[in-house]
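One structure is given here, and the rest of the page talks about it.
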Amino acid sequence: MNRKSSLLSYRETVLRAGAWLSQNGFFGTRLGTGGNVSLRIGDTETLAVTPTSKRYDELSTDDICIVDFNETQLSGTYPPSIEIAMHIAVYRNRPDVRAIVHTHQNYASVFSVINRPVPALFEEVSLKIGPRIDIVDFAPAGSVELANQVAEKLRNGARGYIIQNHGALALGCTMEEALLNTELMEKACRIYYLALLTGNPITDLPPEQP
Ligand SMILES: [Zn+2]
């Protein structure tokens, strides 16, 4: 496969992921342009990422940006997502991560505004994401400060985070995994929210055995 056609497959994967997330309400709105998706291109210091301020249902593969780790745009019709620094910070600090999904999904957003971490609650969540979905402290969207705070939090090795007063961040070694982790995070947040509403004690998973 030559480089051009292989880049096309990365762009198609990002495009499809963005469309699926949008259609399923993970960006908080279906007509808005919030959230962003990226995929690292092999072992290179480049990534395919959604453009800024464009509706997901209006994008084509040519609109998916190719950007290097210095934030230099190599191709794509529009500028990349304003969260490009956050995506690059994740890839630089977590070589296990190959795909990133940043959403404004509803139930994770609830915990982003009450500033409360979410326990994994179920083994499927714990195995894929980690024992807890932690909160990354607030910093303005697109800021270097936010990228630095995400990089700091990534050291816990988890594959899902909530960004205070903002949204969610799911990581995966493939796009399919990042999408699944996005869903699992929303499930954990939804069930935790509903369980809290019952007022009953909530059972957690036993701590991991050494
Ligand atoms: Zn956002």
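A short reminder: the numbers here are calculations on the coordinates, not readings from a lab. Quantities reported herein were computed from a predicted structural model and do not represent experimental measurements. Cβ placement follows ideal geometry from the backbone for every residue including glycine, while neighbour counts extend to all protein chains displayed.
What the table below lists for this structure:
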item: Alpha-carbon centroids, the stretch 158-182 and the stretch 78-123: separation in whole Å; result: 5
item: Degrees, to the nearest 10: 3-23 long Cα axis against longest axis of the chain; result: 40
item: Which of 102, 166 has the fewest Cβ neighbours within 10 Å, and the rest in rising order; result: 166, 102
item: Ranked list, fewest to most other Cβ atoms within 10 Å of each Cβ, for 33, 103, 77; result: 77, 33, 103
item: Top positive-direction residue, dipole computed over the stretch 32-114 with Cβ charges, set 67, 50, 89; result: 89
item: Karplus-derived 3J(HN,Hα), 6.51/-1.76/1.60, for each residue of the stretch 71-78, Hz, glycine and proline x; result: 6, 7, 7, 9, 6, x, 5, 10
item: Per residue convex hull volume, Cα atoms of the chain, in Å³; result: 115
item: In Hz, Karplus ³J(HN,Hα) per residue of the stretch 139-149 (6.51, -1.76, 1.60; θ = phi - 60°; x = Gly, Pro); result: 8, x, 3, x, 7, 5, 4, 5, 4, 5, 5
item: The chain: calculated mean residue ellipticity at 222 nm from DSSP helix runs of at least 4, using -39500 (n - 2.57); result: -12000 deg cm²/dmol
item: For the stretch 105-110, Karplus couplings with θ = phi - 60° (6.51, -1.76, 1.60), whole Hz, Gly/Pro x; result: 5, 5, 6, 5, 5, 4
item: Selected from 59, 171, 127 as most flexible by GNM, with the chain as the system and alpha-carbon contacts under 10 Å; result: 127
item: The stretch 3-198, dipole about Cα centre (Lys/Arg Cβ +1, Asp/Glu Cβ -1), debye to the nearest 20; result: 200
item: Amide H contacts of residue 105 (H built 1.01 Å from N, under 5 Å, at least 5 apart or other chain); result: 168
item: Extended-chain gain in nm, criterion 0.36 nm per residue less alpha-carbon gap, residue 60 and residue 113; result: 15.7 nm
